[in-house]
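The values are calculated or read from the model by the stated rules, or taken from the named source; none is laboratory data. A quick note: this is a predicted structure, and the numbers were derived from the prediction, not measured. Positions of Cβ are backbone-derived with ideal geometry, glycine not excepted, and every protein chain shown enters the neighbour counts. Each accessible area value is taken on the protein alone, full model and side chains, heavy atoms only, with ligands, DNA and RNA left out. Shrake-Rupley method; radii C 1.70, N 1.55, O 1.52, S 1.80 Å.
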Amino acid sequence: MKTTWMYVLSVLFLLSCGATRSAKVNELTSKEEKQGWTLLFNGKDFTGWRQYNGNSVPDNWVIEDGAMKVFKAENAKRGQGVGGDMIYFPQKFRNFELSIDWKAEKEANSGIFYNVREEKGRAVFSSAPEVQILDNEYASDNKIDTHLAGSLYDMLPADPKTVNPHGQWNNIVIRVDKGKVTHTQNGEKVVEYTLWSRDWDRMVENSKFKNFPGFKEGISKEGYIGLQDHGYAVWFRNIKIREL
């Protein structure tokens, strides 16, 4: 009987260790590795990241508690970025599943971009879809449903009930497969659309992007992953991607 209990306890211990490993930040589980996931952030430094249309990491980005943190630059007004948008530059992606944990300070506003193309004299948002990051409760931009967290910014709204409040971590998964896109926020699919379709063209025409040169020219078929500097403190971690 003693031997049996020792065996049971050993199994429970191993299961516990496996559960702990799966919960580690900025690491892949063995299952994720087999599924083809790759980390875009190592939790220690900005390897692979640089400023959009730049050569280095902007001064208002730091590593804090295993997360990439953007904050209001010293001479900037609250809510106004200083061109400190970041991209993961070693590779462009076409069909993929991107997973990011994010956390926002009170009133914060930011965004995640995909299919980013770098163009001199233009901003990161000028030709790339934006997945909104927002403190839905206190941000000044919370009056429009398509501006709430998880939304396809200014085009399709996400269910606000799926978002954790400021100071708490959220997870967003962006899946792009041959133009079909979904946003899954904290485990719930909140947005679905198809790029380069008639519906897409109608959404652009009814949004603030209708006169943006990059949107008029058309969203790229592939591009970089981007993170926005909007003049607020926002944290990013567990940034991982797998190509489809």
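Residue-by-condition table, conditions (1) open to solvent by 30 Å² or more (accessible area, probe 1.4 Å); (2) at negative phi; (3) not in a strand (DSSP E or B):
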position	(1), (2), (3)
D45	yes, yes, yes
G54	no, yes, yes
K69	yes, yes, no
K77	yes, yes, yes
G83	yes, no, yes
Please verify whether A108 is closer than 20 Å to Q185 by Cβ, touching a helix residue (DSSP H, G or I) at 6+ places or on another chain (Cβ under 8 Å) and open to solvent by less than 10 Å² (accessible area, probe 1.4 Å), treating the condition exactly as stated.
no
If you take the residues in region 85-105 that are in a loop (DSSP other than H, G, I, E, B) and farther than 20 Å from G179 by Cβ, which one is least open to solvent (accessible area, probe 1.4 Å)?
D85
If we keep only residues of region 82-114 that are over 23 Å from R242 (Cα atoms) and among the small types (G, A, S), then the residue modelled with the lowest pLDDT is G83
Among the residues of region 169-181, which ones are under 15 Å from the mean Cα position of the chain (by Cα) and either open to solvent by 30 Å² or more (accessible area, probe 1.4 Å) or among the acidic types (D, E) (or both)?
W169, N171, R175
When restricted to N60, N42, the only residue within 30 Å of L244 (Cβ to Cβ) and at pLDDT 95 or above is N42
Residues of region 72-91 being under 11 Å from D229 (Cβ atoms) and under 16 Å from the mean Cα position of the chain (by Cα), in sequence order, are G84, D85, M86
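To keep it simple, each residue is scored yes or no on (1) basic (K, R); (2) in a loop (DSSP other than H, G, I, E, B); (3) in contact with a Lys or Arg (Cβ under 7 Å, 6 or more places away or on another chain); (4) closer than 16 Å to N95 by Cβ.
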site	(1), (2), (3), (4)
V181	no, no, yes, yes
V191	no, no, no, no
R202	yes, no, no, no
K210	yes, no, no, no
Y224	no, no, yes, yes
R242	yes, no, no, yes
Which of the numbered conditions does T146 fail, given that it passes all the others? Conditions: (1) in a loop (DSSP other than H, G, I, E, B); (2) touching a strand residue (DSSP E or B) at 6+ places or on another chain (Cβ under 9 Å); (3) open to solvent by 10 Å² or more (accessible area, probe 1.4 Å); (4) not basic (K, R).
(1)
